[in-house]
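One structure below.
Rule-based calculations on the coordinates, nothing more; no lab input. Note that the structure is predicted; figures quoted are calculated from it, not measured. Quick reminder, even Gly has a Cβ in these numbers, built from the backbone with ideal geometry, and neighbours come from all protein chains shown.
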Amino acid sequence: MFGIALSIFGAALAVALSGIGSSIGVGLTGQVSSGVMSEDPKSFGKLLLLNVLPATQGVYGAIVAFLVMLKIGFLGGESVSLTNIQGLQIFLACLPIALAGLFSAVHQGKVCASGIRMVSKQPQEVGKALVIGVLVEFYAILGLLVSILFLFNMQL
């Protein structure tokens, strides 16, 4: 029974930490965008992607949680009985996206907020701002990939 609890806790942590990071990142970009749009309402379209970019980490955490729930039979299907070690393995498999999602989303929000400031002064540079923001995304994708690889390669 403790194995199932550990696996559910890992799934919850993947969603919670990556979601917290995303909400902080999107909050940072939203604050800066609101200021820019108060002076230039037509800039909304150019700023939208920079605002949304830090939200992806929360989605990645939700994907991992969904995969865990499928793996343990929590969403219907055949329930599995997990040993404590198996539950710990699933919990640990959730940590890469939980931690990478938390930290990369916050830092991506900061990078994208700086990009929004740049675009407010040089609107033609939106592409450069997006590329710089996407560079931070790479580490969240690595966390997602590692979590998925751990989950798919573990035997229950």
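Under a crude label model (7 Å from the Cα following the beta-carbon direction), how far is Leu88 from Glu39 in nanometres?
Simple spin-label model gives 5.6 nm for this pair.
Candidates (1) 30, 17, 14; (2) 38, 13, 11; (3) 29, 26, 15; which is the computed semi-axes √(5λ) of the Cα gyration tensor in Å?
Given (1) 30, 17, 14; (2) 38, 13, 11; (3) 29, 26, 15, the structure-derived one carries the label (2).
Rank Leu50, Leu75, Leu130 by mean-square fluctuation in a GNM of the chain with C-alpha springs under 10 angstrom and give only the top-ranked residue.
Maximum among the listed residues: Leu75.
How many angstrom separate the Cα center of region 27-87 from the Cα center of region 108-156?
Taking the Cα centre of region 108-156 as reference, the centre of region 27-87 is 12 Å away.
How far apart, in nm, are two points set 7 Å out from the Cα along the Cα-to-Cβ line at Tyr139 and at Phe66?
Computed distance between label sites Tyr139 and Phe66 equals 2.6 nm.
Tell me, in nm to one decimal, what length is gained between Gln31 and Lys128 on full extension, where the rule is 0.36 nm per residue of separation less the Cα-Cα distance?
Working it through step by step, the gained length comes to 32.9 nm.
For a Förster distance of 41 Å, can you work out the FRET efficiency between the beta-carbons of Gln155 and Val59, rounded to the nearest 0.05?
0.90
Highest mean first, how do 132-140, 97-105 rank when packing is the count of other Cβ atoms within 10 Å averaged over residues?
By packing density, highest mean first, the sequence is 97-105, 132-140.
Defining a contact as two alpha carbons under 8 Å apart and six or more residues distant in sequence, what relative contact order in percent does region 2-152 show?
Rounded, it is 38 percent for region 2-152.
Val146 to Met118: FRET efficiency via 1/(1 + (r/R0)^6), r the Cβ-Cβ distance, R0 25 Å, to the nearest 0.05?
Calculated value: 0.20.
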